[in-house]
Amino acid sequence: MTAAWWTKLHPLTRLALFLTVCLHAALGQEFLPQLLLFVGLLLLLFTCGAAASHYRLLIWAHVLGLPGTLLLFIAIGYEHAHLWSEALSWGVVEGARYALRLECLFLANLVFISITSTREIISLFSHRWMPTAAGTLLSTAVRFVPLSLTEARRIYDIQRCRGLRLRPWAPRSWLPIIVPLFVSQMCRAHDTSVMLVVRRMAPRTGAASPRKLGSADWLVLGLALAVCIQTLL
Amino acid sequence: MSFQAAGTDVPLLEDVSLQIQPGERVGIISPSGSGKTTLGLHLAGLHRVALLGHTSGRFWLDGRDCTQNGCEGFAGVVLQNPEIQLFGETVTEEISLSLQQRTGDFDRERELDRCLNLFGLGPMRDHAVSTLSLGWKQRLSVASMLALDPKVLLLDEPTSYLDEATADLLFDVLAAQTEHTGLTVLLIEHDLPRLVPWASRLVSMRQGRIVFDGSPVAYSPPPRLFMEPADAVGTGRSSCDRERVLAIERVSFGYNGCRAALDNVSLSVAAGEIVAVVGPNGSGKTTLLNLVKGLLEPDNGRIICASPANRMDAVGLVFQNPDSQLFAHSVFEECSFLPRNQNLSIQEVSSRTRQALAQVGLQSQAERVPFSLSYGEKRRLTLASTLSGRSTVLCLDEPTVGLDCDCFGQIAGTLRQFSAQGGAVLLASHDSNFVKAVATRVVTLRAGHIVDDTARQGDIP
């Protein structure tokens, strides 16, 4: 089986591509390129073997986010025009444009996480120019996010066993999850950073040299830079 | 050498003097909170990274004075929880990561195969790390640490999540490594029966001081409080006469439609019984407890609880890690969380909470902040906070992990008291000593099937 094309790119190149897509999604004004970007990212997500939890996240983001965004824009339209017909036509178009922008950012994030392993992300922070403490901190933080999600689920199950009923409108009811999550993640962050040092993966503790950028990487980085300049201008 | 943690007055290590030779197998034992992990981190040269405080005196690692500078990379470390120690996507990648960091000339492929085969990981080389059970993850974390070829290996209670066979295998591999490669092993462990025949030297600590340092043969352990016969406290009736409080009927369950974690399991538990569920890692013990509690729903079969309350209320489940549930500002508040959620009256909540705290010996600590308790006290608090509810069935997942003999005794006593009052206990454990001491019946699970169900002496109908 041949390796997927993105595995041939350096993690730094993938990060640069991700940032370029984010920049374009956030600042780009044209509807068609945004739509094409969205379709491309969606196809990439399906082909890169993203985890089932990522799809679930995507579906929930649509179910919860899209109607709310459209309603918000319709309300803004009504504030301006005081006519429901105009508010509806303006709100739906602008709301869709805004939602598309958010979707691209969201999808780009999911694609980046799916095609770049934690180890590769960690390796990005293991360069000479990165201060040791900052490198360890960033590496720990990267590891922190996926583990936090699993831990939050586990704590929720434990507190459910103790009769917890979450009420979204009552912040106090969230304390039995937030406090243990904070405490356990503090301990976990500490242990993870120690293990990074022990495994010689923290910056400057290892013998291995980081992967070099190839010609394909330089080409993609150049293209990404051009797109960034074009978007900013 | 002494060590004092930042912001405290009491030293965690006091006047410790120790000299360790290459190739020694040192077992470090002590009650919880006596400073063995602190000592281990110093011996691994990680005190500057892992601890916040001041080290006084002098100590040398590999001929270097490391008192103030530390010596990162000197030793390999294996912690209790394997989840945080693994960084690769697959088993092979995990070991390769260590080999990448290793210096010197060696045949990478040969070393990879050797490390994989040390713990029988060869057939799983392409498996994703996330799909492994905790026991297999711990095997992998030790293998990847050995792949770094350290001079010293520190293991902090590495058998906590391992079944008997895997724990034996780990001890055998470590013994072979010390013989063949001259590796020095520092092993922090509560499991004395396994540690004594393995270690070449035993270091016992109490309140930060070394109280014994010598041959394991010369060591006389403190009496184990819980080692009285399991049927010493009981209802005096056979399980046939007792009321059935829990029935598991032909239950099957698989995670995400994959291989069945439990297959056609049937089990009936009577009031007054303490049933220990034992079996190797990944045999389905924790899954069974989660199904009984109602956190998971069976794919087939059913679970019936005799109590009129719903299953979430009737079954109490005590988890392993206390830090995953403590949140309140006082021990009393923490313990009363469950009865408050069960909508009991204020008087009943208060009396149940006080009774539960008394059962585990924490009544005098009611006003303390839970986070300031020792690990053993936190474990007892989590037990009390489940006992304070209306549960008639009490489930415990590995109740003795990380506990010393004193805590064993208290937890064993509490379980006996609960069963004597007509409750039923279902516990999953790898700790054969604890099972022998408390269980009136032992159910053995293997690959999701019950392969043995034996009533213990004094309780056979």
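Just going by the charge dipole of the protein assembly as shown, with Lys and Arg at +1 and Asp and Glu at -1 on Cβ, which of B:Leu112, B:Ala314, A:Ser173 is farthest out on the positive end? It is A:Ser173. Determine, from the Cβ-Cβ distance of A:Leu233 and A:Leu88 and an R0 of 56 Å, the FRET efficiency 1/(1 + (r/R0)^6), rounded to the nearest 0.05. After rounding, the FRET efficiency stands at 0.95. A Förster radius of 22 Å, combined with the Cβ-Cβ distance separating A:Cys22 from A:Trp218, puts the computed FRET efficiency at roughly 0.55. Compute the long axis of helix B:346-359 from its Cα atoms, compare it with the longest principal axis of the Cα atoms of chain B, and write down the angle in degrees, 0 to 90, nearest 10. Approximately 50 degrees, to the nearest ten. Take every Cα pair under 8 Å whose residues are at least 6 apart in sequence, average their separation, divide by the length of segment B:244-455, and the relative contact order is 31 percent. Computed from Cα positions, the angle between helix B:108-118 and the longest principal axis of chain B comes to roughly 40 degrees. With a Förster radius of 60 Å applied to the beta-carbon distance between B:Arg58 and A:Leu175, the computed FRET efficiency rounds to 0.80.
Counting only aspartates and glutamates at least 8 places from B:Lys285 when in the same chain, those with an alpha carbon closer than 13 Å to its own are B:Asp163, B:Asp263, B:Asp397, B:Glu398. Counting every Cα pair in chain B, what percent are over 30 Å apart? Result for the distance tail: 50 percent. Per residue, the Cα convex hull of segment B:2-218 amounts to 122 Å³. Candidates B:Ser220, B:Ser34, B:Val245 compared by Cα position along the dipole of the protein assembly as shown: farthest toward the positive end lies B:Val245, with charges placed on Cβ. Checking every one of the trypsin sites (Lys or Arg not before Pro) in segment A:91-121 against DSSP loop status and a limit of 11 other Cβ atoms within 10 Å picks out no site at all. Okay, which of segment B:57-91 sit inside 20 Å, backbone N to the point 7 Å along the Cα-Cβ direction of B:Val173? B:75-91, by backbone N distance to the label point. If both residues of a DSSP beta bridge must be in chain B, then about 50% of such bridges are antiparallel.
Note on segment B:244-455: dipole from Cβ charges, positive end direction compared against B:Thr400, B:Gln325, B:Cys305; the farthest Cα belongs to B:Cys305. A crude spin-label estimate for the pair B:Val451 and B:Val196, with each label 7 Å from Cα along the Cβ direction, gives 2.9 nm. Each Lys and Arg Cβ is given +1 and each Asp and Glu Cβ -1; about its Cα centre, segment B:98-228 then shows a dipole of about 320 debye. The loop-placed trypsin sites (Lys or Arg not before Pro) in segment B:1-105, going by DSSP, that have at most 12 neighbouring Cβ atoms within 10 Å of their Cβ come out as B:Arg58. Projecting label points 7 angstrom from Cα along Cα→Cβ for A:Leu72 and B:Gln19 puts them 7.0 nm apart. Based on DSSP, what percent of beta bridges with both residues in the protein assembly as shown are antiparallel, to the nearest 5? Within the protein assembly as shown, antiparallel bridges account for around 50 percent of the total. In terms of the mean number of neighbouring beta-carbon atoms within 10 Å, the peptides A:74-84, B:376-386 order highest first as B:376-386, A:74-84. Ellipsoid semi-axes for the protein assembly as shown, based on the Cα gyration tensor and the rule √(5λ), read 45, 37, 24 Å when sorted largest first. Annotation: the residues B:Ile274, B:Ile20, sorted from fewest to most other C-beta atoms within 10 Å of their own C-beta, follow the order B:Ile20, B:Ile274.
Computed from the coordinates by the stated procedures, all read-outs in this text should not be read as laboratory data. Note that this is a predicted model, so its numbers are computed, not measured. Neighbour counts are summed over all protein chains in view; Cβ atoms, including those assigned to glycine, are modelled from backbone coordinates with ideal geometry.
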